Amino acid sequence: MKKKLSFVIAMTVILILVPNSQAVADSPYTTWAYGPNGELVLTQDAYSPYAEIDLPIKSAEDMFITPEGEIYIADTGNSRIVRVNKDFEIIASYGEDFLQSPSGVFVDKSGTIYVADSKKNAVIIMDNDGNLMKELGRPVEPLFGKSRDFLPRKIVVDARENLYVISEGSVDGVVQMNTNGNFIGYFAANTAEMSLRMVLQRTFLTEEQLAQFIRNEAASPSNLAIDNQGMLYTITAGTTPQKSIRKFNIAGINIFPEIIGSNNFRDIDVSDSGLVMAVDADGHIYEYDITGVLLFQFGAKDTSGNQRMGTLTNPTAIGRHQDNIYVLDKEKNAIVVYSTTAFAQTVHAGTRLYLEGFYEEAKPYFEEVLNYNGLFITSYKAIADAYFKEENYAKALEYYRYAEDRNGYSQAYWEMRNVVLQTYLSPALMGIIGLSILRGGVNKLNRRYKWFDPIGAWFRDLTRFKLVDDFIFMFRFIGKPADSFYYIKKDKRGSLIFALIIFVWIGVVRVLSLYWTGFVFNPYASTSDIRIENEILMVFGIIALWITANYLVSTISDGEGRVKDVIIGTAYSLFPYALFALPIALLSRVLTFNEAFVYSFSQTIMYAWIVMMLFIMVMEIHNYFFSDTLRNVLITIFAMALFVLTGYILSVLFGQLFDFISAIIQELGLRG
């Protein structure tokens, strides 16, 4: 007992003395990173709460951080611009005499201050001492628009002193003007999204009827940033999260990909090293690299009023200086500072080298990242690119697969396949020629000595078994599908048992084809993601829906086919899938995206063949003309959709009923 007690005391002392190396316990939030299957996965903290600086400001809407670390704050509630040094001390305030409600601020390299005043509806330009230089109101040029309002909210300036102004409600994009207030044009406009409902309305409604609806206009950008190369970034609140951040080239075309984002972003910042930061209204901070790949997502909103350091209440601006992130909170009247952890520094160092094209130099950093978190999927792509550059294609294939990068995998496989073909193509061709000569010789000798006649007789004798005859009958559909369906209808060939065997065969082929399809063309990044039961249920569900719907529709539309005929006919109609799905899957394993046409064309032929067979089946089994068959097939598809919709509605209703009954039972249990 004494020994056990001594051991417990010793372990307790060790745990107290040894410092905790992880910062997760100190953070009021969790950090997420881009992981497998495009989902977010938990990871180590990228940023830790460092400080929360209370300032004598009120409802501040924007801030700008200079390369030297000074912060200019649009102190909206106090109608001024506040200048804060690196120690968070206010060293100057500007514009108290002429600003009314500054909502956006930008400072260029010369120290000139540009302010968007939302109450004055003007852009104010001040020198580095805060003296008023210019006040730019609504542009007077006709191209601006006769009825367009000028409601400046945010502003950035490029190296040529062109102003980019977010004007509230401007559906034409960002207002571009020069320092004299001359309107240059609209830039970086969002595009309006057209739903199916809107398409139908425009197709069938008159101009008078359409005028009664709200006009479908593009959403107005809500904030913007500019990088050191003059590329403009915008965020649009209320749009889809995937398109909430846009990056525009000089032609005004968005070149930023769809992202994992938020529909209520408040501000965006782009660092000199190409890291894109955005903060949303819920206190979540997103960090991307320059290509739009999500690196980290972290942060939390202070909903309980505990004022925990690191949480945000109403963030309005975000910026970066060196390894720190600064977030302006208008409700706290404070700046929340986050410091970069060692883990994030490793990611940033590797990302910077990788984006600059130094793949081999970046590889050690990403290997270290994987030691932190093996699910950090962007590391696998970077390492794979490094191996590809080293011409180590086998390793590149391995890591491209981990990275779920099909394009990279295809390129590496093409290179490796090219090496194999150069090495073994000539011997393989010689072998094929030799086998062809040997086959010709064997056939010639067989015609003289009849070596294989007993084997042929044995195979022909197998046709006396019903299932074997049904199997051979399946190949008759290749050349004479109409006659074959007629035999089924007259009970001369085919059977329910073999039809069920075909259905099972199709289910097995569906599952095996998913396992055997090459990674480049496989819908699943990993075979572990395949849910066999779901795939089988889907196959049998579609078959059952088709048989049920087609028989019911045919019954009320003078169809002659019996249930048995529809079942057997459907089974034989699906034989192209049973015979060719696996060979196509195996073929995909030796193809790359360069030969994608071969794979897609093969699948198209197979499915078109199935559709044609089903069409002929309906025509022959039910004794329809072409027009009757077409109508029957379309109504059958519509009936299948109705069955699915009805099943979904019933499942929702029964789910709610179950929850209601469960709640009653729990309530009775508590009262009892």
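The values are calculated or read from the model by the stated rules, or taken from the named source; none is laboratory data. Bear in mind that the values here come from a model prediction, so they are computed numbers and not experimental data. FYI the Cβ positions are ideal-geometry reconstructions off the backbone, even for glycines, and counts take in every protein chain you see. These accessible areas exclude ligands, DNA and RNA; they are computed on the full protein's heavy atoms, side chains included. Shrake-Rupley method; radii C 1.70, N 1.55, O 1.52, S 1.80 Å.
Looking only at residues that are more than 15 Å from Gly350 (Cβ to Cβ) and among the hydrophobic types (A, V, I, L, M, F, W, C) in segment 374-401, which one is least open to solvent (accessible area, probe 1.4 Å)?
Ala396
Scan segment 618-631 residue by residue and report those that are touching a Gly at 6+ places or on another chain (Cβ under 9 Å) and assigned to a loop (DSSP other than H, G, I, E, B).
His622, Asn623, Tyr624
Within segment 279-324, how many residues are closer than 22 Å to Phe256 by Cα and outside any loop (DSSP other than H, G, I, E, B)?
15
Those residues that are in contact with a Leu (Cβ under 9 Å, 6 or more places away or on another chain), polar (S, T, N, Q) and surrounded by fewer than 14 Cβ atoms within 10 Å (Cβ to Cβ), I need them from segment 491-527; list them, please.
Scanning segment 491-527 gives a single hit, Thr527.
Can you tell me which residues in segment 579-603 are aromatic (Phe, Trp, Tyr) and touching a residue at least 60 places away in the same chain (Cβ under 8 Å)?
Phe593, Tyr599 - these are the residues of segment 579-603 that are aromatic (Phe, Trp, Tyr) and touching a residue at least 60 places away in the same chain (Cβ under 8 Å).
Does segment 325-356 hold any residues that are assigned to a strand (DSSP E or B) and of a type in the set (Phe, Trp, Tyr), and which are they?
Tyr326, Tyr338
Can you name every residue in segment 407-454 that is of a type in the set (S, T, N, Q), without any contact (Cβ under 8 Å) to a residue 24 or more places away in the chain and closer than 23 Å to Tyr599 by Cβ?
The answer is Asn418, and nothing else.
Check whether at least one residue in segment 230-242 is assigned to a loop (DSSP other than H, G, I, E, B), of a type outside the set (Asp, Glu), more than 15 Å from Val156 (Cβ to Cβ) and touching a His at 6+ places or on another chain (Cβ under 9 Å), and report yes or no.
Within segment 230-242 (the criterion being assigned to a loop (DSSP other than H, G, I, E, B), of a type outside the set (Asp, Glu), more than 15 Å from Val156 (Cβ to Cβ) and touching a His at 6+ places or on another chain (Cβ under 9 Å)), the answer is no, since none of the residues qualifies.
What are the pairs, 6+ residues apart or on separate chains, where a residue within segment 631-654 that is closer than 16 Å to Ile542 by Cβ and open to solvent by less than 70 Å² (accessible area, probe 1.4 Å) has its Cβ under 8 Å from a residue that is aromatic (Phe, Trp, Tyr) and part of a helix (DSSP H, G or I)?
If the second residue must be aromatic (Phe, Trp, Tyr) and part of a helix (DSSP H, G or I), the pairs left are Val633/Phe615; Thr636/Trp546; Met640/Trp546.
Pick from segment 275-312 the residues that are surrounded by fewer than 18 Cβ atoms within 10 Å (Cβ to Cβ) and hydroxyl-bearing (Ser, Thr, Tyr): which of them is modelled with the highest pLDDT?
Thr291
Do you know which residues across segment 53-80 are at positive phi and polar (S, T, N, Q)?
If the condition is that a residue be at positive phi and polar (S, T, N, Q), then Ser59, Ser79 are the ones that fit.
Each row is one residue, and each column tells you yes or no for (1) farther than 21 Å from Gly479 by Cα; (2) modelled with pLDDT of 95 or more; (3) among the hydroxyl-bearing types (Ser, Thr, Tyr); (4) in a helix (DSSP H, G or I).
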| position | (1), (2), (3), (4) |
| --- | --- |
| Leu591 | yes, no, no, no |
| Ile616 | no, no, no, yes |
| Val633 | yes, no, no, yes |
| Ala639 | yes, no, no, yes |
| Ile649 | yes, no, no, yes |
| Gly669 | yes, no, no, yes |
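Does any residue in segment 220-233 that is open to solvent by 10 Å² or more (accessible area, probe 1.4 Å) come within less than 9 Å, Cβ to Cβ, of a residue that is assigned to a loop (DSSP other than H, G, I, E, B) and among the charged types (D, E, K, R) six or more places away or on a different chain, and which pairs are these?
Ser220/Glu168; Ser220/Asp172; Ser222/Glu168; Ile226/Asp158; Asp227/Asp272; Asn228/Asp272; Gly230/Asp158; Gly230/Arg160
Please determine, by comparing only the residues of segment 166-187 that are among the polar types (S, T, N, Q) and assigned to a strand (DSSP E or B), which one is least open to solvent (accessible area, probe 1.4 Å).
Across segment 166-187, the extreme among qualifying residues is Ser167.
I'd like the residue in segment 237-252 that is open to solvent by 50 Å² or more (accessible area, probe 1.4 Å) and modelled with pLDDT of 90 or more and, out of all such residues, is farthest from Tyr29 (Cα to Cα).
The extreme case among them is Lys243.
Can you tell me how many residues within segment 476-490 are open to solvent by 70 Å² or more (accessible area, probe 1.4 Å), touching a Lys or Arg at 6+ places or on another chain (Cβ under 9 Å) and more than 13 Å from Phe575 (Cα to Cα)?
Of the residues in that region, 2 qualify.
Out of segment 129-158, which residues are under 40 Å from the mean Cα position of the chain (by Cα) and β-branched (Val, Ile, Thr)?
If the condition is that a residue be under 40 Å from the mean Cα position of the chain (by Cα) and β-branched (Val, Ile, Thr), then Ile155, Val156, Val157 are the ones that fit.
Please go through (1) open to solvent by less than 70 Å² (accessible area, probe 1.4 Å); (2) among the polar types (S, T, N, Q); (3) more than 21 Å from the chain's Cα centre (by Cα) for Asn371 and return the number of the only condition it doesn't satisfy.
So Asn371 meets the others, but not (1).
Scanning segment 317-340 for residues that are surrounded by fewer than 21 Cβ atoms within 10 Å (Cβ to Cβ) and under 28 Å from the mean Cα position of the chain (by Cα), which turns out farthest from Leu295 (Cα to Cα)?
Filtering first and then ranking leaves Arg320.
Considering segment 528-542 alone, what residues qualify as being open to solvent by 50 Å² or more (accessible area, probe 1.4 Å) and small (Gly, Ala, Ser)?
Selection gives Ser528 alone.
Looking at segment 99-113, is at least one residue open to solvent by 10 Å² or more (accessible area, probe 1.4 Å), charged (D, E, K, R) and out of contact with any strand residue (DSSP E or B) (no Cβ under 6 Å at 6 or more places or on another chain)?
Yes, segment 99-113 contains a residue that is open to solvent by 10 Å² or more (accessible area, probe 1.4 Å), charged (D, E, K, R) and out of contact with any strand residue (DSSP E or B) (no Cβ under 6 Å at 6 or more places or on another chain).
Is it the case that some residue within segment 523-543 is assigned to a helix (DSSP H, G or I), over 29 Å from the mean Cα position of the chain (by Cα) and modelled with pLDDT under 95?
yes
Within segment 374-398, how many residues turn out to be touching a residue at least 60 places away in the same chain (Cβ under 8 Å) and either more than 22 Å from Asp272 (Cβ to Cβ) or more than 22 Å from the chain's Cα centre (by Cα) (or both)?
Matching residues across segment 374-398 total 3.
Quick check on Val563: is it open to solvent by less than 30 Å² (accessible area, probe 1.4 Å), of a type in the set (A, V, I, L, M, F, W, C) and either touching a residue at least 60 places away in the same chain (Cβ under 8 Å) or closer than 19 Å to Leu496 by Cβ (or both)?
no
Check whether at least one residue in segment 543-552 is surrounded by fewer than 19 Cβ atoms within 10 Å (Cβ to Cβ) and either within 27 Å of Pro36 (Cβ to Cβ) or free of Cβ contacts under 8 Å to residues at least 12 places away in the same chain (or both), and report yes or no.
Within segment 543-552, one or more residues are surrounded by fewer than 19 Cβ atoms within 10 Å (Cβ to Cβ) and either within 27 Å of Pro36 (Cβ to Cβ) or free of Cβ contacts under 8 Å to residues at least 12 places away in the same chain (or both).
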